[in-house]
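Worksheet: the structure to be examined is printed underneath.
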Amino acid sequence: MFLFDTHAHLDGEEYDADRDEMISRARSAGVVHIVNVGFDLESSRRSVRLAEEYDLIYAAVGIHPHEAEGVGPGYLEKLKEMAAHPRVVALGEIGLDYYRDLSPRPVQQIIFQEQLALARELDIPFILHDRDAHGDLLRILRENRPGPSGGVLHCYSGSWEMAGECLAMGLYLSIAGPVTYPNAHRLKEVASRVPLDRLLIETDAPYLSPAPYRGRRNESAHVAFTAEEIARVRGIKTEDLAQACTENGRKLFRIA
């Protein structure tokens with residue numbers, strides 16, 4: 001079984017004591033690719049270094065909405081320079097977060113739109129973060145239509161109606177560990193209905209561990225539990241679900 005963890009943060013200090021072992025467990029679980037995602041300039045640089053060190057890891061570089069207020073002048077040029085690295089496959093994670101509101105909402109929106117424009121300029125896919133900001137995120141996407149490279153809503157948490165609009169824009173939806181939680185009825189419905197050629201899976205490690213590890217540190221090997229649950233609600237074999245999602249990830253992120 002081949003698995004693609006399309007969103008993780010394995011550069012963090014949570015893995016400093018056992019990163020090699022954690023990567024080995026991912027390989028043993030069938031993980032063939034991981035996209036390690038930045039949330040500010042420094043984590044983006046770490047993501048690139050991690051992608052240089054491990055052959056199964058690729059990097060995404062970007063400014064998370066939490067960090068929007070703190071970006072300095074020239075941040076877009078710095079992202080552009082990093083995005084030219086051959087191991088960088090996406091711009092992200094970018095978007096809006098109205099749950100914690102760690103940056104003012106108008107600032108989040110400006111930084112989000114600037115990075116969407118950069119993704120179009122560079123012809124590179126983007127990775128979207130959306131928490132409690134569905135309305136504004138959709139509005140900005142309508143006003144700044146995704147380019148040919150498209151993108152993905154990571155750790156999807158919206159309704160099926162929102163999913164339909166995003167799919168109509170050519171975007172992918174990525175499902176994470178919460179789909180394994182017994183009460184995640186709406187997410188299970190979305191996971192069962194997304195066209196198979198538009199579905200991705202992820203861990204968002206070290207966060208959002210699937211049910212067997214809930215409350216503990218997540219890692220890329222655990223993406224297998226997400227694949228199993230989505231396959232169950234779709235009524236297909238886990239191997240077929242995993243293969244389809246891996247092919248989708250390779251297509252979006254242009255990995256041969």
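The values are calculated or read from the model by the stated rules, or taken from the named source; none is laboratory data. Bear in mind the structure is a predicted one, so any value in this text is a computation, not a measurement. Cβ coordinates were reconstructed from backbone atoms using ideal geometry, including for glycine residues, and neighbour counts include every protein chain displayed.
Of the numbered conditions (1) surrounded by fewer than 18 Cβ atoms within 10 Å (Cβ to Cβ); (2) within 23 Å of residue 42 (Cα to Cα); (3) modelled with pLDDT of 95 or more, residue 95 satisfies every one except a single condition; which is it? Of everything listed in (1) surrounded by fewer than 18 Cβ atoms within 10 Å (Cβ to Cβ); (2) within 23 Å of residue 42 (Cα to Cα); (3) modelled with pLDDT of 95 or more, residue 95 misses just condition (1). If you go through region 118-132 and keep only what is closer than 21 Å to residue 200 by Cα and hydrophobic (A, V, I, L, M, F, W, C), you end up with 119, 124, 126, 127, 128. Which members of region 24-39 meet the condition of being surrounded by fewer than 23 Cβ atoms within 10 Å (Cβ to Cβ) and in contact with a Phe, Trp or Tyr (Cβ under 9 Å, 6 or more places away or on another chain)? Those that are surrounded by fewer than 23 Cβ atoms within 10 Å (Cβ to Cβ) and in contact with a Phe, Trp or Tyr (Cβ under 9 Å, 6 or more places away or on another chain): 30, 32, 33. Checking the structure you have, find out if any residue of region 56-69 is hydroxyl-bearing (Ser, Thr, Tyr) and surrounded by fewer than 24 Cβ atoms within 10 Å (Cβ to Cβ). Looking through region 56-69, none of the residues is hydroxyl-bearing (Ser, Thr, Tyr) and surrounded by fewer than 24 Cβ atoms within 10 Å (Cβ to Cβ). Residues of region 28-66 that are within 26 Å of residue 96 (Cα to Cα) and among the basic types (Lys, Arg): 45, 46. Here the condition is being touching a residue at least 24 places away in the same chain (Cβ under 8 Å) and in contact with a Phe, Trp or Tyr (Cβ under 7 Å, 6 or more places away or on another chain); of 151, 170, it holds for 151 alone. Scanning region 40-50 for residues that are out of contact with any Phe, Trp or Tyr (no Cβ under 9 Å at 6 or more places or on another chain) and polar (S, T, N, Q) yields a total of 2. Since residue 194 meets every condition but one in (1) in contact with a strand residue (DSSP E or B) (Cβ under 6 Å, 6 or more places away or on another chain); (2) among the hydrophobic types (A, V, I, L, M, F, W, C); (3) in contact (Cβ under 8 Å) with a residue 40 or more places away in the chain; (4) more than 21 Å from residue 39 (Cβ to Cβ), which condition does it not meet? Here residue 194 clears every test but (3).
Of all residue pairs spaced 6 or more apart or on separate chains, those with beta-carbon atoms under 8 Å, a first member in region 240-251 that is surrounded by fewer than 24 Cβ atoms within 10 Å (Cβ to Cβ) and a second member that is of a type outside the set (Asp, Glu) and in a helix (DSSP H, G or I) are 240/231; 244/196; 248/198. So which of 149, 192 ends up being surrounded by fewer than 24 Cβ atoms within 10 Å (Cβ to Cβ), at pLDDT 95 or above and closer than 18 Å to residue 7 by Cβ? Among 149, 192, only 149 is surrounded by fewer than 24 Cβ atoms within 10 Å (Cβ to Cβ), at pLDDT 95 or above and closer than 18 Å to residue 7 by Cβ.
For the subset of region 197-215 comprising residues that are under 16 Å from residue 151 (Cα atoms) and of a type in the set (A, V, I, L, M), which member is surrounded by the most Cβ atoms within 10 Å (Cβ to Cβ)? Full working, then the answer.
Filtering region 197-215 down to residues under 16 Å from residue 151 (Cα atoms) leaves 197-202.
Checking which are of a type in the set (A, V, I, L, M) leaves us with 199-201.
Numbers: 199: 23, 200: 26, 201: 29.
Going through the qualifying residues, I end up with 201.
Remark: pairs (first residue in region 42-70, in contact (Cβ under 8 Å) with a residue 60 or more places away in the chain; second residue surrounded by fewer than 23 Cβ atoms within 10 Å (Cβ to Cβ) and among the small types (Gly, Ala, Ser); Cβ separation under 7 Å; 6+ apart in sequence or on different chains) = 65/103.
On the given criteria, is residue 84 free of Cβ contacts under 8 Å to residues at least 40 places away in the same chain, surrounded by fewer than 21 Cβ atoms within 10 Å (Cβ to Cβ) and farther than 22 Å from residue 11 by Cβ? Considered against the rule, which asks whether it is free of Cβ contacts under 8 Å to residues at least 40 places away in the same chain, surrounded by fewer than 21 Cβ atoms within 10 Å (Cβ to Cβ) and farther than 22 Å from residue 11 by Cβ, residue 84 comes out as no. Take residue 186 and tell me if it is assigned to a helix (DSSP H, G or I), basic (Lys, Arg), more than 27 Å from residue 244 (Cα to Cα) and modelled with pLDDT of 95 or more. Spelling it out, it is not the case that residue 186 is assigned to a helix (DSSP H, G or I), basic (Lys, Arg), more than 27 Å from residue 244 (Cα to Cα) and modelled with pLDDT of 95 or more.
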